Amino acid sequence: MTDKKRIALVTGANKGIGFEIARQLAEAGATVLIGARNPERGKKAAADLSSAGLPVENIEIDVNDEASIAAAAEQIADRHGRLDILVNNAGIVDAADGPPTAASTAAVRRIMETNFIGTLAVTQAMLPLLRNSQAGRIVNLATTLGSLTINGDPSSPYYSARLIGYNASKAALNMLTVQLAAELQGTPIVVNSVCPGYVKTDLTGNTGFMTPEEGARLPVEYALLGEDVVSGRFVEPDGDTPW
């Protein structure tokens with residue numbers, strides 16, 4: 001994309017990694033749409049970045065509300081006519097999640113609705129706009145906990161992290177990446193699952209060892225991939241992650 005400024009949508013961009021991804025994409029020259037469920041928080045995040053001279057706009061989008069998603073897609077179509085980058089960042093955890101023998105099924109349902117089904121709904125709604133791009137990029141925010149290989153490896157430091165709802169939602173997200181990349185083969189749209197690393201955010205209870213700024217770097221790199229790209233990868237800062 002050299003002739004036009006790239007248009008990027010980042011969901012859940014009012015705080016944490018999403019906010020930093022939005023900042024770094026804007027610093028790279030993209031016009032970034034700050035997707036947020038809460039309009040006031042979205043406006044504040046956009047104002048914070050705008051005050052630094054960055055090209056951002058706020059857009060209300062609730063990944064659990066298909067009417068909200070459709071309205072956001074219509075708004076982007078009216079304003080810009082296309083979308084070049086979609087970063088599916090919005091996601092939740094739930095204190096009632098846990099191992100399969102103890103997790104609240106209501107909590108698991110909420111997590112799956114947001115982290116997987118919500119992401120699928122947003123992606124479906126934005127695909128017509130991404131098809132209008134010369135080089136569409138979809139980045140699904142993944143986690144090592146979504147790897148079936150690592151979940152089943154007793155030697156892994158993540159082996160004991162048994163959160164059936166969260167881990168399964170991210171494994172499902174990886175399935176979306178694999179299938180969508182295959183379906184879009186031969187088009188200018190590429191899709192990848194990107195694990196930012198263990199980041200200090202509200203989602204992790206601020207227990208990570210990376211800052212949001214550090215965690216945003218790899219997702220931004222994949223959002224800005226050039227024309228010579230591989231689609232359908234699952235990557236983290238140390239390299240490829242096994243499915």
Value of D in µm² per second that Stokes-Einstein yields for segment 1-112, Kirkwood Rh from Cα pairs, at 4 °C (1.567 mPa s): 87
Which order results if LYS170, LYS5 are arranged by neighbouring Cβ count within 10 Å, fewest first? LYS5, LYS170
Segment 7-240: relative contact order in percent, alpha carbon pairs under 8 Å with at least 6 residues between: 19
For the chain, modelled as a Gaussian network with Cα springs under 10 Å, which listed residue fluctuates most, GLY18, GLY136, GLY152? GLY152
Report the percentage of all Cα-Cα pairs in segment 7-240 whose separation exceeds 30 Å, rounded to a whole percent. 19
Can you give the FRET efficiency to the nearest 0.05 for ARG109 and GLU74, using r as the Cβ-Cβ distance and R₀ = 41 Å? 0.90
Would you mind ranking ASP97, ASP84, ASP48 by Cβ crowding within 10 Å, fewest neighbours first? ASP48, ASP97, ASP84
For ILE85, what is the net charge nearby, where nearby means another residue's Cβ is under 13 Å from its Cβ and Lys, Arg count +1, Asp, Glu -1? +3
Cα convex hull of segment 65-201: how many Å³ per residue? 119
Which residue fluctuates most in the GNM of the chain (Cα springs below 10 Å): GLY232, GLY165, GLY29? GLY29
Suppose we keep just the DSSP beta bridges with both residues in the chain; what percent of those would be antiparallel, to 5? 10
Counting other C-beta atoms within 10 Å, which of GLU236, GLU20 has the fewest, and how do the rest follow? GLU236, GLU20
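A short reminder: the numbers here are calculations on the coordinates, not readings from a lab. Predicted model, so just to flag it, every value in this text is computed and none were measured. Cβ: placed from backbone, ideal geometry, glycine included. Neighbour counts: every protein chain shown.
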